[in-house]
Every structure is written in structure tokens, then in C-alpha cells.
Amino acid sequence: MAGRGCGCGPGHMNEDNARFLLLAGLIVLYLLGGAAVFSALELAHELQAKQRWEERLANFSRGHNLSREELRGFLRHYEEATRAGIRMDSVRPRWDFTGAFYFVGTVVSTIGFGMTTPATIGGKIFLIFYGLVGCASTILFFNLFLERLITVIAYVMRSCHQQQLRRRGVTTQDNMKAPEKGEADSLAGWKPSVYYVMLILCLASVAISCGASALYATMEGWSYFDSLYFCFVAFSTIGFGDLVSSQNAQYESQGLYRFANFFFILTGVCCIYSLFNVISILIKQTVNWILRKLESGCFPQCQRGLLRSRRNVVMPGNIRNRCNISIETDGVMESDTDGRRLSGEMISMKDTNKVSLAILQKQLSEMANGGPHQPNASSRDDEFSGGVGAFAVMNNRLAETSGDR
């Protein structure tokens, strides 16, 4: 009875598995496509560089009457010195306090440039435990940053919406007498769009990257394009390490530059993380839409069951819906998923899609209207409350599991 009442039968599990397999297949195709493109772009350059290096090595060996093996052995020693932070040009010390602070910053932010790594056994052991706590704390900080960023964005969007209503003259005689009540009534059904949030985060990330690139091009001597490339690699925490800022021994206005470098990296990582969080929700919705298209073509008998959740699907081809998407958060969260979550079962991918987007939009709406509803005493003391997007789904799940105990 419980399985039938909450939709947890074999058919529903098959839908969840299909979503998982579809996403996995799309990721594999994405990886294969990326590998093909990068191989076509970079392989020829790699072979040319290798050929030039072999020619230079042979010429140097003949010119100085050295055997190739002796020369290669010397170069291996230089590679070991490079891994320890030794360079031919003058660079800053790697393990003084400021260098070590830069290193731990790349660890806890998960950037991991790779230009500095611990060489001692004690350092490697300490890094394991230090990174475990530090990375987890930084992820929490990023999620809390996202919450506050959503608050600011929601207030700005609400102010813009109020200005639009005033320009349109959405007022009545009663509203003229009580303008605050009139504005509240006109904004009662308004919910900010997740797509506008994504656009704002994109613009903020681009602005920060352009400003940081101008700084790096001036201080590091990189081209502006290389500086933009470094910003994306660093802010997205990919951290290749081929370009690393603030590594020279001396700079003009060194203290100010290092502070600006720290500020740009911190702000950029926070913005890109927030942008990734929002984009991932939209990707989940797109996966659902693709799966429904496939099921409607291959399994007509499943159409009846799919119609119940069609209102929660983002249709990429529908421009109007794409600009004004507003999922009925209360209905989604309270009707479709409560039964299974209260029964102690795992949240399916479909429910995660709904709840992730619903929570984000609900928080946007609540923050735009002066903050969320005041919780009762029991929920206020719940250490699992709060969160945005996927983080909120996990927190809600932990809270419900804790409450069941």
C-alpha cells in the first residue's frame, strides 16, 4: 500500500534508472566530443614541440661533447628541482609563511594549481587531514555565500518589478489610500525567474574575470586572452597550474597586488560556484525533457504517467516559458515527494530535480518579499535547516531523517 500510495513501484524506479543512465550517457558523449576536439587542436602542436626539443637536445649534445644519457640524467635532476619549487628565474619562496598561505588557499578552495606540493611524509599526511576539513568547510562557505547572493539578487529583482508596476499604473483608489498594502497585493503572486538569476551570475562572473584579467595582464606580463584563460581555470577550481598568479619574487605595489589577487580569486570562485549550482539545476530539467521526448516516441504506454509531471519540465524550445518559468513550489514539495521522504526512502532524481529548482525559486520569492516565513521553535533549533539547491535537498533529507528518529 505504501509503495502504491507514494509512487515507489517498479515503474517509478525504472524511470529513475533511465534518467541516471541518460545523464551518464550524455556525460560520456560530452567527454568523447571534448577529447576529439582537444586532440584535433593540440596533438599537432605537441608533436612539433617534441620534435623541436629532440633537435635541440641533439645539437647541444654534439656541441658540448656530451652523451645523450648524461644530458638526460642532468635534466632529470632539474625536473626534481622544479617539483621542489626551484626555477631558473627569480621566484618567491614556496614555503615561507606567505607562500604556505597561498598554498593552503589553493587546497581548501580545491583549485590545486600544483606548482607547490608537500615533499615530506609529514607534510603529505597533514595535507590529507587538513584538506578533508578545509575543503568541506569551504564548500559550506560557498553555499552560504550563494544564499546571501540570492538574497541580494532577489531584492534587486523585486525593486525592478515594483518599478515596472508603478510605471504601468497598477494601482486602484484603495491602493492609493494604502500604497503599501496595494504593492503587497500586486506582488503576492510574483516569483523571480531562475533564468534571470543565472543571467545576473553570468554577468557578474564576466565582469570579475575581465577586471582580474586586466590586472594580471599588467602585473604578470601575460596576454589579455591568457589572463582570461587563467581566470576561468582558477575560478572554476580546475587549476591546471600552467599559469599561476603572484609567483614572482618582486612586483610593483606588491602588497596591494597580492591583496587584489586574493580578492579576485575568492570572489571569482564564489560567483562561478554559484553559477555552476544554478546551471546544474537547469541541466537536470533538460535531461528530464529529453527523457520525456524519448519515452513519448519509444514507449507510448508511458505517456499517461508522464503527463502528471509535465508541468515541472523546462521546455527549451518555448521562449515564453523559458523567460518566465515559475514552478509551483508548494505543490511540488508537499504533494509529490513528502510521502516517500517521510517513509524513509531515498529521494529519486526526479524529486531532486523538482525540489532543487523549487527550493531555489521559493527562496528567491521569500527573500524578495522580505525573508522566509518565521519557523516555529522546533524548526528554528534544527541544525539541518537551510541551504540552497542541491545543498538544500541534502539538508532537508537529513532533517527529515533526524526527525523520524
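Listed here are the residues, each with its yes/no results for (1) part of a helix (DSSP H, G or I); (2) open to solvent by 80 Å² or more (accessible area, probe 1.4 Å); (3) among the β-branched types (V, I, T); (4) touching a Gly at 6+ places or on another chain (Cβ under 7 Å).
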position	(1), (2), (3), (4)
L23	yes, no, no, no
G33	yes, no, no, no
A36	yes, no, no, no
E42	yes, yes, no, no
Q48	yes, yes, no, no
F60	yes, yes, no, no
N65	no, yes, no, no
E69	yes, yes, no, no
L75	yes, no, no, no
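Can you find even one residue in the range 261-281 that is more than 27 Å from A154 (Cα to Cα), modelled with pLDDT of 90 or more and either of a type outside the set (D, E) or open to solvent by less than 20 Å² (accessible area, probe 1.4 Å) (or both)? The answer is yes, given that some residue of the range 261-281 is more than 27 Å from A154 (Cα to Cα), modelled with pLDDT of 90 or more and either of a type outside the set (D, E) or open to solvent by less than 20 Å² (accessible area, probe 1.4 Å) (or both).
Of the numbered criteria (1) at pLDDT 90 or above; (2) over 22 Å from A154 (Cα atoms); (3) in a helix (DSSP H, G or I), the one W222 fails is (3). Reported count of residues in the range 251-265, each being in a helix (DSSP H, G or I) and touching a residue at least 24 places away in the same chain (Cβ under 8 Å), is 7. Looking only at the range 97-156, residues that are under 23 Å from the mean Cα position of the chain (by Cα) and polar (S, T, N, Q) come to 7 in all. Residues that are closer than 21 Å to T237 by Cα and among the hydrophobic types (A, V, I, L, M, F, W, C) do not occur anywhere in the range 45-63. Residues in the range 94-114 that are in contact (Cβ under 8 Å) with a residue 24 or more places away in the chain and either among the polar types (S, T, N, Q) or part of a loop (DSSP other than H, G, I, E, B) (or both) were compared, and the one that is nearest to Q250 (Cα to Cα) is T98.
When S193 is tested against the conditions (1) touching a Cys at 6+ places or on another chain (Cβ under 7 Å); (2) small (G, A, S); (3) at pLDDT 95 or above, the lone failure is (3). Here is the figure for the range 1-21: residues that are modelled with pLDDT under 55, open to solvent by 40 Å² or more (accessible area, probe 1.4 Å) and not charged (D, E, K, R) total 3.
What about Y229, is it assigned to a helix (DSSP H, G or I), hydroxyl-bearing (S, T, Y), out of contact with any Pro (no Cβ under 7 Å at 6 or more places or on another chain) and at pLDDT 90 or above? Yes. Residue count for the range 199-211 under the criterion of being at pLDDT 95 or above and in contact with a Ser or Thr (Cβ under 7 Å, 6 or more places away or on another chain): the result is 1.
The set of residues in the range 141-157 that are modelled with pLDDT of 90 or more and farther than 27 Å from L243 by Cα is empty.
The residue that is modelled with the lowest pLDDT, counting only those in the range 77-123 that are of a type in the set (K, R) and open to solvent by less than 50 Å² (accessible area, probe 1.4 Å), is R92. Checking each residue in the range 70-93 for being touching a residue at least 40 places away in the same chain (Cβ under 8 Å) and polar (S, T, N, Q) picks out only S90.
The values are calculated or read from the model by the stated rules, or taken from the named source; none is laboratory data. Note that the coordinates shown come from a computational prediction; the quantities given were computed from them, not determined experimentally. Note that each Cβ is placed from the backbone with ideal geometry, even for glycine, and that neighbours are counted across all protein chains shown. Side chains are part of the model used for accessible areas, which takes the heavy atoms of the whole protein and leaves out ligands, DNA and RNA. Shrake-Rupley method; radii C 1.70, N 1.55, O 1.52, S 1.80 Å.
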